[in-house]
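Please read the structure below before turning to the comments.
The values are calculated or read from the model by the stated rules, or taken from the named source; none is laboratory data. Keep in mind that what you see is a predicted model, and the values were worked out from it rather than measured. Cβ coordinates were reconstructed from backbone atoms using ideal geometry, including for glycine residues, and neighbour counts include every protein chain displayed. Surface accessibility is based on the protein's heavy atoms, side chains included, excluding ligands, DNA and RNA. Shrake-Rupley method; radii C 1.70, N 1.55, O 1.52, S 1.80 Å.
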Amino acid sequence: MKYKNRPSLVMKSIVSLSAVMLVAACSSGDTESTEASGGSGEACAVKVGIASSQTGSLAYIDVPNLEGFEMWAEQVNAAGGVDGKFTIENVVKDTRSDAAQSATVAAELLGQEISFLITPGDADPSIAAGQLAQDAGVPAVSWFGSSPILPLAVGDRMFSNAFGDNAQAKVLADYATDKGFKTAYTLGSPDSAYTNLLPGFFKEAFEANGGTVVGEGQFSMGQASFSVIVDQIKAISPAPDVIMTPAYEPDFPTFIKALRGAGVTSVVLGTDGIDSPTTLALADIAEGVLYTTAGVLKNEGKMATFYTDYNAKYGKDPETIYAVTGYEMGMTLEAAIKSAQSCSAEAIWQAWTNLEGVQGITGPISYKGGDRMAIREIALIEIKNSERTLFGTFAPDPATVPKAQL
Amino acid sequence: MESLISYVVNVISLGGTYALLALGLAVVFSVLGLINFAHGELMTLTGYVLLAGILMGQPFWLAVLIAVIAGGVSAALMEFAAFRPVRNASGATLLMTSFAVSMLLQVIFQNGISPRGQAVPVPAWLTTSISVGVSQISKVQIMSITVGLVALIFLKFFFDRSYWGWAIKAAANDFEIVGLMGIKASRLITFAFLLSGLLAGIAGVLWVVQRGSVDPLMGFKPVLAAFIVAVIGGLGSLTGAVFGGFILSSIEIALQTWLPANVMPYREAITYTIVVLILSVFPNGIFGKRVQEKV
């Protein structure tokens, strides 16, 4: 009877354990909060949540971006951090190229009191993840999602490390006009914001320049064959001077093989999605294809140091420009932290919004006065002898770029 | 007329590939009652082996042969390693196992090879076209049609004339009868996977040659199409698999050819709506068996 009013050994253990955990949680919370805020130039760690598509259809863009970013973080931390006091702590989670999984991963990362969120290199999963960051007041930047609707759909905390698709479409349209091309055919796909909107931006810019779009085709990503589409292009008489498509691998190789196989010789204009060795490996079939991207991936000039460092870390050469843009994401974050002199999400967001002329590897990067897409030069590449050849770099006037609308 | 010729060529070309894929699924379903969703990854594996063969300097025909055999052997190994241990488990367990194998192989391809697609250099003669009347047909399509039809004719003889062909057909009707015929279930199941893998290998080669590249996720769309084809034809029906392949390809190509541009974004939705309409008329597929269960 006397024992009835005494707590059992198990109960005492639970209570004790709970108390210990509560104290531990509180002290841990205190520490993290100090580290995260780290205001007034105090040393602290910037916790970067990285929701990256390490597997799935977007892995081709996110994996090299992460490699570049991690290389930058390692170099910065080896030097004692940004300004010798702000170290970088990466927390990486795989979103599996899925929008729902991107939201789940973003929620997990935001729960770990991150100061900065990196989202996948495409608008759809980035919107899913970015909306949570927006609510939490944490700045979010997409690896290289180039659809300009991305920041519009999310809000003022959402940015992209990429130029806008409207800007790259303008560069392609201007090239076509300068070359004297009068007619164009566009081929898009409703399966993603990237493949869906780019042909429309091109059409708007090309027609504003006086050109005519004589046909608009659509494909499903991953479809078995492009024979029907090629037959439709062949049926256009006279043949279009230029064919513009945002299709990327594995669809672009299939399309251009079918196109050239059918004897269609119109100039083909592509976008940054085809800046990969797969396109170059198409040899004669891809000869003369032009596309817009962030820069020329070549072991020379400013990129030579990047090649050396990348090779030392990963034991191979970078395969795509996305490894460079990932590193540049780090360089831009470095500029924001330097300006903020803080590890807090709010200070980094304010600094990021006002960044201007950050010297990246491919050129200067700005956000000030823009639409939260990176204001950066766009390289127009021509494939010659299975190699990337720079045709020119362009910075289209924002006033003449087609406007993005939700 | 030109558009009709193109239509027929495209339907036969795509339909043959779909039929081979669906037959691969149907053969395994016949003996194990399983839709093997890792079938697409066998195609992908075939693509990588083809690429390796070409990069190692093998003649194209030899690289193709090695790739197809690799598909068959891998399927048999898949059966031994993944499906045999759960053979007597429920259908749901088998299905989950096939999804697990599929995802495992995808991740292995992504991390072991590259998340990026790899261009497969096919001989230059395959990238040109020939004129047929007013139409032009690409040599890849001619190869696709030829290989597809030869494979289907061979399979017809195989199922009609050979011991193992009869056994698989018998299993499709009633698996228990096969046991009464004195055929060991294990051997028959392994053989079915081997045959299924060879079919995935042939379809994989056709797919890769047509598309010009191989990537870790390449198998997803084809296996989904093959599943739909198998359902249209009647799950487990070998004739239905072939028939369903050509039905699906004729729907897809017709919509892509003649659908107005402003409705084109709804093409896949319309395709699946037509499939549902077919199934509402033939609930067990066109060649499927009506299943009645005693209360």
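Quick one: which of A:Glu74, A:Glu67 is out of contact with any helix residue (DSSP H, G or I) (no Cβ under 7 Å at 6 or more places or on another chain), at pLDDT 85 or above, within 16 Å of A:Met331 (Cβ to Cβ) and not in a loop (DSSP other than H, G, I, E, B)?
Details: A:Glu67 fails: out of contact with any helix residue (DSSP H, G or I) (no Cβ under 7 Å at 6 or more places or on another chain).
Only one candidate qualifies: A:Glu74.
Looking for whichever is assigned to a helix (DSSP H, G or I) and either within 17 Å of the chain's Cα centre (by Cα) or over 28 Å from B:Ser250 (Cβ atoms) (or both) here; the options are B:Val9, B:Val28. Which one fits? Give the steps one after another, and end with the answer.
Numbers: B:Val9 fails: either within 17 Å of the chain's Cα centre (by Cα) or over 28 Å from B:Ser250 (Cβ atoms) (or both).
Result of the check over B:Val9, B:Val28: B:Val28.
The residues on offer are B:Ile270, B:Ile232, B:Ile253, B:Ile274, and the sole one that is farther than 30 Å from B:Asp174 by Cβ, more than 14 Å from chain A (Cβ to nearest Cβ), at pLDDT 90 or above and open to solvent by less than 70 Å² (accessible area, probe 1.4 Å) is B:Ile274.
Looking only at residues in the range A:55-91 that are in contact with a strand residue (DSSP E or B) (Cβ under 8 Å, 6 or more places away or on another chain) and under 12 Å from A:Trp143 (Cα atoms), the one that is nearest to the other protein chains (Cβ to nearest Cβ) is A:Val63. Beta carbons closer than 6 Å, at least 6 apart along the sequence or on distinct chains, pair a first residue in the range A:369-385 that is in contact (Cβ under 8 Å) with a residue 12 or more places away in the chain with a second that is open to solvent by less than 60 Å² (accessible area, probe 1.4 Å) and among the charged types (D, E, K, R) for A:Ile381/A:Arg388.
With free of Cβ contacts under 8 Å to residues at least 60 places away in the same chain and within 17 Å of the chain's Cα centre (by Cα) as the only criterion, which of A:Ala103, A:Ala129, A:Ala167 stands out? Reasoning before the result, please.
Details: A:Ala129 fails: free of Cβ contacts under 8 Å to residues at least 60 places away in the same chain; A:Ala167 fails: free of Cβ contacts under 8 Å to residues at least 60 places away in the same chain.
A:Ala103 is the lone residue from the list that is free of Cβ contacts under 8 Å to residues at least 60 places away in the same chain and within 17 Å of the chain's Cα centre (by Cα).
How many residues, within the range A:170-196, are free of Cβ contacts under 8 Å to residues at least 60 places away in the same chain, in contact with a Leu (Cβ under 8 Å, 6 or more places away or on another chain) and farther than 21 Å from A:Leu259 by Cβ? Adding up the residues that qualify gives 0.
When the criteria are applied in full, B:Ser196 fails the requirement of being part of a helix (DSSP H, G or I) and either farther than 28 Å from B:Ile142 by Cα or facing chain A (nearest Cβ under 10 Å) (or both). As a summary of the residue check, A:Pro148 satisfies the conditions (1) more than 30 Å from A:Ile114 (Cβ to Cβ); (2) more than 14 Å from chain B (Cβ to nearest Cβ) except for the one numbered (1). For the range A:225-247, enumerate the residues that are facing chain B (nearest Cβ under 9 Å) and open to solvent by 10 Å² or more (accessible area, probe 1.4 Å). Within the range A:225-247, A:Ser225, A:Ser227, A:Asp231, A:Gln232, A:Lys234, A:Ala235 meet the criteria. Among the conditions (1) open to solvent by 10 Å² or more (accessible area, probe 1.4 Å); (2) in contact with a helix residue (DSSP H, G or I) (Cβ under 6 Å, 6 or more places away or on another chain), A:Gly215 misses just one, which is (2). Within the range A:181-212, the set of residues being open to solvent by 50 Å² or more (accessible area, probe 1.4 Å) and among the hydroxyl-bearing types (Ser, Thr, Tyr) comprises just one member, A:Thr212.
Quick check, is A:Leu355 crowded, with 24+ Cβ neighbours inside 10 Å, closer than 27 Å to A:Glu89 by Cα and either at pLDDT 95 or above or of a type in the set (Asp, Glu) (or both)? Give the derivation first.
Numbers: crowded, with 24+ Cβ neighbours inside 10 Å: no; closer than 27 Å to A:Glu89 by Cα: yes; either at pLDDT 95 or above or of a type in the set (Asp, Glu) (or both): yes.
Judged against the criteria, A:Leu355 is not a match.
Counting only helices (runs of 4 or more DSSP H) that sit completely within the range A:260-353, those holding 3 or more residues that are over 30 Å from B:Ser138 (Cα atoms) correspond to A:303-314, A:322-340, A:345-353.
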